[in-house]
Each structure stands twice: as C-alpha cells, then as structure tokens.
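This report concerns only the one structure given below.
The values are calculated or read from the model by the stated rules, or taken from the named source; none is laboratory data. Quick caveat: nothing in here was measured; it's all calculated off a predicted structure. Cβ coordinates were reconstructed from backbone atoms using ideal geometry, including for glycine residues, and neighbour counts include every protein chain displayed.
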C-alpha cells in the first residue's frame, strides 16, 4: 500500500510524536501517583479501621448472640454524614457501640450498601497524591490532544486546494504511450 | 491504527475526566484509566507506529470526522464502563468472601483496597448507565459507516470483517441492555456479558485490523 509522503509537514509531524511521547510519560507519572494514593490510603484511619473490624467481626461471630443482636440493631439506624463532595460515607458501621452508622443514598432495593471513601481513605497524604494524579492526568490529556492535533495539521491540505493525489503509476500500455 | 490508538487513549482519559468534572465520585477510576492510556500509547508508538502521511483518496470525506470520531468516543466510554464492571466484579467477590468470614479479597488482595471502593450497587449502576448512554452513539457510528460505505464503495453493507465485528459488538451490547432491562439481569451475570461486549469491541479494533484483511485495512500494519 503506497501512500503519499509528500505534502506532509515533517516539523509538525515530529512535534506530534514528541507530544504523544510526553503524554505517555505524564500518564505513567499519573499512574504512579494513583498507586501511591492507593498505597498510602491503606495506612489511613479508615483502612486501618476496616482491618480492625475484619478481626472484630471474627471475634463477634465467635461470641454469644447478644452481640449479634446488637449488631443487627445497629444496622437499622441511619445517619448520613456528608463527605467532601461525593457520596456519603465517612465512618463505618460500629460493632461495639461507638461512632455513627452511615448508609449511602438509599435506592430502595433493601440493601444497605456503603460506598467506600475512595482510594485515599482518610489520609491527607494519599489525598494529595490523588490530586497530583488528577493534575497529571489533565496535563497528559492536553499533551495527547496536542499530539493528535499536530498530526492532523501535518497533513492539512492547503486552503483552496482540492483533494488530489499524484496518480498511481499506470499499468496500462495505452497511458504509457501518452 | 496509530492515530486511532492515540485518540482512543485520549477519549479513555477524557471519559474519566468528564465524570470527575460532573462531580461523580470516580477517582478510583483514575488508575485503570491512565493505565489503559499509557499502555495504548505505548502500543501505538512502538508496534503500530507509521509516519504521518496523506490520507488515501478513499478516505477523503467529511464522513471521516463523523464516523471515526464517534467510534473513538464510544471506545473511550465503553472502556470506562468496562473498568467499572471489572471493579464491580472484584468488589462483589470480596463482599461474598467477607460474608463468608474470609479476611482478604480475591487473589489475597488486602481488604483495605476493597473497603475503599464504591459499593457494588454504585458500580453496577455506573457501568449500566455508561453503556446505555453510549449505545445509541455506537448505533449511529455503524449507520454512519454504512452511509459512508455507500458513498465510497457503492454498497451500504458488504459484511466486511470490520463491519461484521462492529455489528457483533452492537448485538452483544444490545443483549446486555436487553437482559438488564427486560430479563432483569444484574450482578455477575450482567457483568460478564458487559465484559464480553467490550472484548468484542477490542477485537473489532485490534484483532480485525491486524489479522483480517478487508476494506478497512488502511492501517499499514498486519
């Protein structure tokens, strides 16, 4: 398949390549920032609490039924705590009589679904990495747009030019004579 | 394919940023989105790269902007739904293990990772809504392609491999939406169907272009 190499602005094409490579690098940095967010978030209070509660759940299950009944009663109570700008949950269901019980916006499906707090948990450091990741993602997207745009501009037809291409080499003996 | 991959990475990230800008609680989608974008660009710049060249005459049409752009936008949105479905399946698996008293999630991933994810109904709802919203655009993409095919090649539909796999992708997404709306499918069953649909989309883009020759073979690869 032979395509035209003429009519291409090589400077813009090269610029496009550099923008795409840069976008790729920035996306990789954003990926690392997200990974840090998830990792440091696991040291946050919520994540630690969830680990405690996993082991508390084991202990509660092994204990007598009054604990189980108390757990059930706790689940009926609904309090909504607003997080900073998204869904609802801040604190987890308490097992041993402390804290508030929170439930996400009810969908009437009978389930009491609790949205997690997000990758950062309650760790400010992790949240900072999350914000850095989003900023890097935006930058990567802008570089990506630039790369795609410059690639298109590199083959832009001149204004008023028609959509022509040099004729393919003819295999017809008749045209070879003209 | 190089240009399509670059634009595909862009729409994948774009779908994520748009959801963030709309105030949705989707920061968890950041890692899958930039991971996919980085991998797609890596593949594009290494294996799929071709030098910038003028379009072949058959592609000189305003339909390029319509048909190809909508296909790329659909791809980005379908990926966001796919990521949401995948996270849903992981979280649902963790919820079952937690109910059974097991300490960690699937593949021994710590519980803290899953506890920070949105709840399964949220994830299920997000993937359903994105797929439902983008499905009409995918339908339009196929129809626009057919109209362009008539203008360029003289026939609306010739069961070219790309056309066929686009249609297969459409049927599987339609089956997913139909199963959810009519048969009331939700949960893992619907999730697997959504994964299958996105797999069809990926094969339509990568597999057909590289391994199967047809009228859509402009890429210069494979």
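Within the bounds of segment B:64-86, is there any residue that is more than 9 Å from chain A (Cβ to nearest Cβ) and outside any helix (DSSP H, G or I)? For segment B:64-86, residues more than 9 Å from chain A (Cβ to nearest Cβ) and outside any helix (DSSP H, G or I): absent.
The residues in segment B:114-127 that are surrounded by fewer than 22 Cβ atoms within 10 Å (Cβ to Cβ) and either within 17 Å of residue A:48 (Cβ to Cβ) or touching a residue at least 60 places away in the same chain (Cβ under 8 Å) (or both) can be counted, and the count is 1.
The single condition among (1) in a helix (DSSP H, G or I); (2) more than 19 Å from residue B:192 (Cβ to Cβ); (3) within 9 Å of chain A (Cβ to nearest Cβ) that residue B:91 does not meet is (2).
Based on this model, can you work out whether residue B:114 counts as in contact with a helix residue (DSSP H, G or I) (Cβ under 9 Å, 6 or more places away or on another chain), farther than 30 Å from residue A:155 by Cβ, at pLDDT below 90 and part of a helix (DSSP H, G or I)? So residue B:114 passes the test.
Residues that are modelled with pLDDT under 95, within 14 Å of chain A (Cβ to nearest Cβ) and outside any helix (DSSP H, G or I) do not occur anywhere in segment B:126-135. On the stretch given as segment B:171-190, residues that are touching a residue at least 40 places away in the same chain (Cβ under 8 Å), assigned to a helix (DSSP H, G or I) and closer than 20 Å to residue B:92 by Cα total 4. For segment B:1-13, the set of residues classified as at the interface with another protein chain (Cβ under 8 Å from one of its Cβ atoms) and surrounded by fewer than 22 Cβ atoms within 10 Å (Cβ to Cβ) consists of B:3 only. Sort out which residues of segment B:100-120 are over 19 Å from residue B:79 (Cα atoms) and facing chain A (nearest Cβ under 10 Å), and write them in order of number. Selection gives B:101, B:102, B:103, B:104, B:110, B:111, B:112, B:113, B:114, B:115, B:116, B:119. Considering only segment B:26-50, how many residues are modelled with pLDDT under 85 and either within 7 Å of another protein chain (Cβ to nearest Cβ) or within 20 Å of the chain's Cα centre (by Cα) (or both)? Residues meeting the conditions: 1.
Taking segment A:16-26 as the range and being more than 8 Å from every other protein chain (Cβ to nearest Cβ) and closer than 13 Å to residue A:155 by Cβ as the test, no residue passes. Taking segment B:193-222 as the range and being in a loop (DSSP other than H, G, I, E, B) and either modelled with pLDDT of 95 or more or at positive phi (or both) as the test, the residues that pass are B:220, B:222.
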